[in-house]
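The values are calculated or read from the model by the stated rules, or taken from the named source; none is laboratory data. Everything quoted here is computed from the prediction, not taken from an experiment. Here the Cβ positions follow ideal geometry from the backbone for every residue, glycine too, while neighbour counts run over all protein chains shown.
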Amino acid sequence: MKATITVLPGDGIGPEVMAQAVRVLEHVAGKYGHEFTFQEALMGGIAIDKTGNPLPPETLRVAEQSDAILLGAVGGPKWSDPTAAVRPEQGLLGLRKHFELFANLRPVKTYPALAGFTPLRPELLEGVDMLIVRELTGGIYFGPSQEQGDGDTAYDTEIYTVPEVQRVAHVAFRAAQGRRNKLTSVDKANVMASMRLWRRTVIGVHEDYSDVELDHILVDACTMYLMTRPASFDVILASNIFGDILSDEASVLAGSLGMLPSASLGSGKFGLYEPVHGSAPDIAGQGKANPTGMILSAALLLRYSLGLEDEARAVETAVEQTLEAGARTADIASGSGSYISTDEFAQTVIEKI
Ligand code: IPM
Ligand code: MN
């Protein structure tokens, strides 16, 4: 098949891990007889430096003409002045909103090869395999917000509507049907009106999915259960901000934030794929970054936007085999263990494919 992919390397380690994901996709294209065209564009801090805008109109134009977006990472100390009028993160939030990418899928599993790498006891990690479905275009991230003129008051508003909760709940229930038929909806219904609407709406959507077991837990309890019984979760459904926080917490279960991919989807096949990690400016340019989250994001792109399930599996299996063979980037090398570079790790994945 032919596909056009918009590539937004972004800042910090973004360009280094992106180069590896593109190599992997080129290899997959050659091996399976596809033709992928990559179009690079500016987003984030680099776009601010070059155009003054974190999400230039040209980038949106390129992205609109493509089948999917692959994104590295955005942000860094250079642009982190909280009083600045433009910030790199606005580019990312703008992209999510522009394309109505309301469902963010963040799969988390423990790789047996890395189990010793987490701070949890190994027996707690057996069978950890969950999917966090995070609402991505609503809630407090996009509600009315303001810093009052006197500088003494600021507010952000959590707002959810029934249709917004319904559409992401459908994504989560359908995902559960393709997995272990269990959905845990996370809220704070004991305190927040928006979260009572959330719970009521999820209960309503459940009527269409009687084969899925649904439970509701409060977000504070969820943070604890993620550490005390992580293997009990299948699909977790959460609001924009709760999903943001819970997915960083869950990343501990995978051994490193560098391992995790994500897919942001709307109602069609178009999607944005990015690793969960940030731009890691402290290690940028040193060949130390773990390209796994980025490479696995490319695998999700193959699966969800291009419908290439076999190719997606081939990439995921190659990553597992690479880890089992002992290949380690700096973040997942044990204290005295040696590690290989970002490129060498990706080269091993390519050989396994
Ligand atoms: C994420 C990030 C973003 C978010 C930031 C960079 C705006 O933390 O994708 O999880 O909060 O959504
Ligand atoms: Mn986050």
> What number goes with the only condition from (1) in a strand (DSSP E or B); (2) within 20 Å of the chain's Cα centre (by Cα); (3) more than 20 Å from Asp282 (Cα to Cα) that Thr4 does not pass?
Replying inline: (2)
> Does Phe242 satisfy the criteria of being of a type in the set (Phe, Trp, Tyr), away from ligand 1 (no atom under 14 Å from the Cβ) and modelled with pLDDT of 95 or more?
Replying inline: no
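Yes or no, residue by residue, for (1) within 16 Å of ligand 1 (Cβ to nearest atom); (2) at pLDDT 95 or above; (3) in contact with a helix residue (DSSP H, G or I) (Cβ under 7 Å, 6 or more places away or on another chain); (4) of a type in the set (A, V, I, L, M, F, W, C):
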| residue | (1), (2), (3), (4) |
| --- | --- |
| Ser80 | yes, no, no, no |
| Ala85 | no, no, no, yes |
| Leu101 | yes, yes, no, yes |
| Pro107 | yes, yes, no, no |
| Ala113 | no, no, yes, yes |
| Phe117 | no, no, yes, yes |
| Glu123 | no, no, no, no |
>> Checking the structure you have, find out if any residue of segment 307-317 is assigned by TED's automatic domain parsing to the domain that holds Pro15, touching a residue at least 24 places away in the same chain (Cβ under 8 Å) and outside any helix (DSSP H, G or I).
In response: yes
>> Within segment 240-273, take every residue that is within 11 Å of ligand 2 (Cβ to nearest atom) and in contact with a Gly (Cβ under 7 Å, 6 or more places away or on another chain) and give me the one that is farthest from Ala63 (Cα to Cα).
In response: Ile241
>> Residues to consider are Val24, Val28; find the one that is crowded, with 20+ Cβ neighbours inside 10 Å and either in contact with a His (Cβ under 8 Å, 6 or more places away or on another chain) or in a strand (DSSP E or B) (or both).
In response: Val28
> Among Ala280, Ala263, Ala250, which is among the small types (Gly, Ala, Ser), closer than 30 Å to His34 by Cβ and surrounded by 18 or more Cβ atoms within 10 Å (Cβ to Cβ)?
Replying inline: Ala263
> Does segment 171-180 contain at least one residue that is within 16 Å of ligand 1 (Cβ to nearest atom), touching a residue at least 60 places away in the same chain (Cβ under 8 Å) and of a type in the set (Val, Ile, Thr)?
Replying inline: no
> Mind checking which residues of segment 327-346 are surrounded by fewer than 18 Cβ atoms within 10 Å (Cβ to Cβ) and in contact (Cβ under 8 Å) with a residue 60 or more places away in the chain?
Replying inline: Ser334, Asp343
> Could you give every pair whose Cβ atoms fall below 7 Å, whose first residue belongs to segment 21-48 and is polar (S, T, N, Q), and whose second residue is part of a helix (DSSP H, G or I), counting only separations of at least 6 or pairs across chains?
Replying inline: Gln39/Val62
> Which of (1) β-branched (Val, Ile, Thr); (2) over 15 Å from the mean Cα position of the chain (by Cα); (3) surrounded by fewer than 23 Cβ atoms within 10 Å (Cβ to Cβ) is the odd one out, the single condition Val315 does not satisfy?
Replying inline: (3)
> In segment 284-299, is there at least one residue being buried (at least 20 other Cβ atoms within 10 Å of the Cβ) and farther than 23 Å from Ala115 by Cα?
Replying inline: yes
>> Every residue in segment 52-78 that is in a strand (DSSP E or B) and either of a type in the set (Phe, Trp, Tyr) or within 16 Å of ligand 1 (Cβ to nearest atom) (or both), please.
In response: Ile69, Leu70, Leu71, Gly72, Ala73
> Can you name the helices (runs of 4 or more DSSP H) wholly within segment 122-218 that have at least 3 residues being among the small types (Gly, Ala, Ser)?
Replying inline: 162-177, 193-206
>> Going through Gly149, Gly138, Gly127 one at a time, which residue ends up being within 22 Å of the chain's Cα centre (by Cα) and either on the phi < 0 side of the Ramachandran plot or buried (at least 16 other Cβ atoms within 10 Å of the Cβ) (or both)?
In response: Gly138
> So which of Leu323, Leu253, Leu302 ends up being in contact with a Pro (Cβ under 6 Å, 6 or more places away or on another chain) and part of a helix (DSSP H, G or I)?
Replying inline: Leu253
> Quick check, is Gly243 assigned by TED's automatic domain parsing to the domain that holds Leu95 and either among the small types (Gly, Ala, Ser) or assigned to a strand (DSSP E or B) (or both)?
Replying inline: no
>> Of everything in segment 210-239, what is aliphatic (A, V, I, L, M) and within 16 Å of ligand 2 (Cβ to nearest atom)? Give them in sequence order.
In response: Val219, Leu226, Ile236, Ala238
>> Test of understanding: among Ala221, Ala231, which residue is in a helix (DSSP H, G or I) and exposed (fewer than 15 other Cβ atoms within 10 Å of the Cβ)?
In response: Ala221
